[in-house]
Structure formats: structure tokens, C-alpha cells
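Heads up: the structure comes next, in C-alpha cells.
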Amino acid sequence: MKKTRTGLFLVLLLATMLSISTVISAAEPIKVALVGDHFAVGNSDGAFTGLGTPISEALGNGYEVKTFGGNDFSSVVFLQDASLENSKAYDPDYVVISLGTKDCQTADVNAAWDTYAENIGTLAAAYRAQGAKVILLTPTKALTDLSGVGIDWTGNSGVFAEKIKSSQSELGVDAIVDLYTASINRDLYLCYINEEACTTVASELRGVLLSMSETEEGGSPETSDVRILSAAIASAAALAGIVVLRKSKMG
């Protein structure tokens with residue numbers, strides 16, 4: 001009888017330990033790494049603090065958002081900076097990459113694109129190798145006139161955005177959020193000084209992340225989904241052009 005009670009106690013103890021372990025595991029937040037340029041970490045003078053806080057507030061409980069990178073970072077600089085290894089060490093579930101604005105500030109946009117595409121592919125592969133899903137933001141429309149030094153930055157940002165949207169598989173990312181289209185007819189640099197724009201983009205990223213989470217939990221989305229996000233239209237007419245391209249699975 002004593003042995004029976006001891007065995008029953010051990011069974012109950014094991015069940016309790018498993019239950020506690022499950023609760024602790026369930027309480028662990030979903031990690032989101034926002035990596036790249038000023039959209040990720042803000043600018044050097046503090047006038048713009050980046051998308052980290054708006055995204056964290058949009059996601060709410062159950063998510064943890066950390067930012068990695070630096071103001072005016074290009075994809076080349078990010079790959080060489082400690083931010084890459086630090087972001088990998090964070091072991092995120094999702095990675096949002098904001099790079100390209102600085103990359104397209106060049107006189108040779110085609111050469112710059114080739115370098116950028118290779119670097120984004122390297123980054124995406126590194127994060128995906130750790131099991132993370134990768135979301136890539138296109139550059140916004142660059143409004144600074146650099147024609148005096150032979151650089152069509154405004155035109156180049158559009159070239160990059162279009163190439164990104166048509167190269168999802170080649171870049172190896174799971175989703176693309178098109179900020180360029182949303183910024184075409186704006187007088188202000190989207191998300192740089194406009195708080196409403198930041199909040200709206202954060203809301204859209206929340207929708208993408210939740211959609212991807214549902215997919216992983218057994219959903220069956222279409223192989224390719226291109227849509228205009230409703231919250232952009234509802235919350236800010238000027239941002240009604242934000243578009244998301246996503247693929248359910250990549251190789």
C-alpha cells in the first residue's frame with residue numbers, strides 16, 4: 001500500500017512539474033527583432049526614435065520587441081556591425097528588416113541593388129537558419145535632392161522598392177511591407193517625423209505578424225497574398241497605399 005502511495009505521489013509530482021513547465025513556456029514572449037537603419041533605432045539627434053516603441057505598443061502583451069542597428073546604416077554596414085551578431089544572439093521569432101534607404105543613395109543604382117540584394121539574402125538566410133520568420137520593409141520615397149552631386153536619390157528609392165517587391169523569393173524573405181507606395185504623394189518623409197504614420201505602420205506589422213503566427217499554428221493561407229491593408233485606409237488616408245506581399249512558405 002505504501003509503495004502504491006509513493007508511486008501515486010511521484011506520478012502527481014511529475015504531472016505538476018510538467019504543468020508548471022508548460023505554463024512557464026507559454027508565458028515566454030514572442031521575440032521580434034527590428035533591425036537596420038533609423039526606422040529601427042531612430043536618428044542620432046533623437047528627433048525620431050524609430051518604430052520600436054510603436055510596434056511594441058501595437059503588439060501588446062505576449063510580444064517583446066528589441067531594436068538593433070544604427071542611423072544611416074546601409075546593408076553593408078549592418079553586416080559588418082556587431083548589431084548582426086547581437087540580433088542573432090537575441091534569438092528572435094520574427095525579424096523585421098529596415099535597410100535600403102542608405103543603400104540607394106548612390107550614382108550607380110544597379111550596382112547598389114546587386115550588393116543590397118546579396119546582403120539581404122545573407123541576412124535572411126542567417127535569421128531563417130535560426131528558425132525566425134523575416135519581414136522586409138521597402139525604403140520610403142527619398143525626398144532629398146542630391147542631383148547636384150549626381151545622385152537621383154528619389155528615383156533610386158523607387159527603383160529599389162519595385163525590385164524588392166518583385167524579388168521576394170530571391171531575397172529569401174517571408175513578407176514584404178511596401179512603405180514606398182504609401183509615401184509617394186506625401187510632403188513629409190514617411191515615418192521620420194510623422195507619429196501617425198509610425199503608429200499606422202506598426203499596426204500593419206502587427207497584422208502581418210499575427211497572420212504569420214496563425215499560419216504556423218495550422219492555418220492554410222494562399223501561396224501568395226498581395227493586399228492593401230485595411231487599417232491603413234481606416235486610420236490615415238495618406239497611408240492608404242501600404243501594401244504587403246507575403247508567401248506562406250519558402251523553401
Q. When you go through ILE176, ILE120, ILE135 one by one, which is the residue that is within 18 Å of TYR94 (Cα to Cα), of a type in the set (Val, Ile, Thr), at pLDDT 80 or above and in a helix (DSSP H, G or I)?
A. ILE120
Q. Does ALA107 satisfy the criteria of being hydrophobic (A, V, I, L, M, F, W, C), part of a loop (DSSP other than H, G, I, E, B) and surrounded by fewer than 24 Cβ atoms within 10 Å (Cβ to Cβ)?
A. yes
Q. Assuming ALA112 fulfils every condition listed in (1) part of a loop (DSSP other than H, G, I, E, B); (2) buried (at least 21 other Cβ atoms within 10 Å of the Cβ) apart from one, which condition is it?
A. (1)
Q) For region 160-173, what are the residues that are buried (at least 17 other Cβ atoms within 10 Å of the Cβ) and either among the hydroxyl-bearing types (Ser, Thr, Tyr) or assigned to a helix (DSSP H, G or I) (or both)? A) PHE160, ALA161, LYS163, ILE164, LYS165, SER167, GLN168, LEU171
Q.
Conditions first: (1) closer than 26 Å to GLY155 by Cα; (2) at pLDDT 95 or above; (3) surrounded by fewer than 23 Cβ atoms within 10 Å (Cβ to Cβ). ILE97 passes all but one, so which condition is the exception?
A. (3)
**Q.** Search result, residues across region 59-104 that are of a type outside the set (D, E, K, R), touching a strand residue (DSSP E or B) at 6+ places or on another chain (Cβ under 8 Å), assigned to a loop (DSSP other than H, G, I, E, B) and farther than 22 Å from ILE164 by Cα
**A.** GLY62, TYR90, PRO92
Q) Restricted to region 138-159, and to residues that are assigned to a helix (DSSP H, G or I), polar (S, T, N, Q) and modelled with pLDDT under 90, which residue is surrounded by the most Cβ atoms within 10 Å (Cβ to Cβ)? A) THR154
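The values are calculated or read from the model by the stated rules, or taken from the named source; none is laboratory data. Values in this document were obtained by computation on a predicted structure and should not be read as measured data. When we count neighbours, we look across all protein chains shown, and the Cβ atoms used for this are built from the backbone with ideal geometry, even at glycine.
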